[in-house]
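The values are calculated or read from the model by the stated rules, or taken from the named source; none is laboratory data. Remember, it's a predicted structure, so these values are computed and weren't measured experimentally. Glycine also receives a Cβ, built like all others from the backbone with ideal geometry; neighbour counts cover every protein chain displayed.
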């Protein structure tokens, strides 16, 4: 992926605000313990649920069971929004990733992702690679998705800022 074009949206930023640079934004995505994903049901209603995600190779990765609502939704509309941050008003940075979810099935990539999950959570998420994705625990199957961002928004708090990272080609 080519690096993003980054700009501060002064309409929604304090006069003395500065952009949240790309390195800071990716550090937030890498460190996030919890994210929220929004998908769209077949009838157009939104569906929001928490998940644990991994930022690897300039994309957000997540898992879901094949019969979970988000997987059902992604089968007809792969557009997603993934958010992370904190629920405080005056400190931290919230990040919103907009993109399209695509299945990950390449064995080498799945293996790298399994290691990334294992490492990030000190072994609490111990996935084994299968032909279709991952298995864990009692053998529950998980599909693995990659969301390559089309746009990422970073909302600084305290000194309020609205940064837009846009990706092309």
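Residue by residue through region 99-124, note down the ones that are within 30 Å of residue 156 (Cα to Cα) and surrounded by 18 or more Cβ atoms within 10 Å (Cβ to Cβ).
In the first step, residues of region 99-124 are kept if they are within 30 Å of residue 156 (Cα to Cα); the result is 99-102, 113, 116-122.
Of everything in region 99-124, those that are within 30 Å of residue 156 (Cα to Cα) and surrounded by 18 or more Cβ atoms within 10 Å (Cβ to Cβ) turn out to be 99, 101, 113, 116, 117, 120.
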- Message: With in contact with a helix residue (DSSP H, G or I) (Cβ under 8 Å, 6 or more places away or on another chain) and surrounded by 17 or more Cβ atoms within 10 Å (Cβ to Cβ) as the only criterion, which of 37, 28 stands out?
- Response: 37
- Task: Might you check whether a residue that is closer than 27 Å to residue 20 by Cα, at pLDDT 95 or above and in contact with a strand residue (DSSP E or B) (Cβ under 6 Å, 6 or more places away or on another chain) occurs anywhere in region 131-146?
- Result: yes
- Task: Can you tell me which residue among 80, 54 is touching a helix residue (DSSP H, G or I) at 6+ places or on another chain (Cβ under 7 Å), under 20 Å from residue 154 (Cβ atoms), touching a residue at least 24 places away in the same chain (Cβ under 8 Å) and surrounded by 13 or more Cβ atoms within 10 Å (Cβ to Cβ)?
- Result: 54
- Message: If I ask for residues that are in contact (Cβ under 8 Å) with a residue 24 or more places away in the chain and not in a loop (DSSP other than H, G, I, E, B), which ones from region 27-46 would you list?
- Response: 28, 29, 30, 35, 36, 37, 38, 39, 40
- Message: For residue 92, only one of the following conditions fails: (1) in contact with a strand residue (DSSP E or B) (Cβ under 6 Å, 6 or more places away or on another chain); (2) farther than 25 Å from residue 47 by Cβ. What is its number?
- Response: (1)
- Select, from 49, 24, the only residue that is in a helix (DSSP H, G or I), farther than 17 Å from residue 148 by Cα and within 16 Å of the chain's Cα centre (by Cα). 24
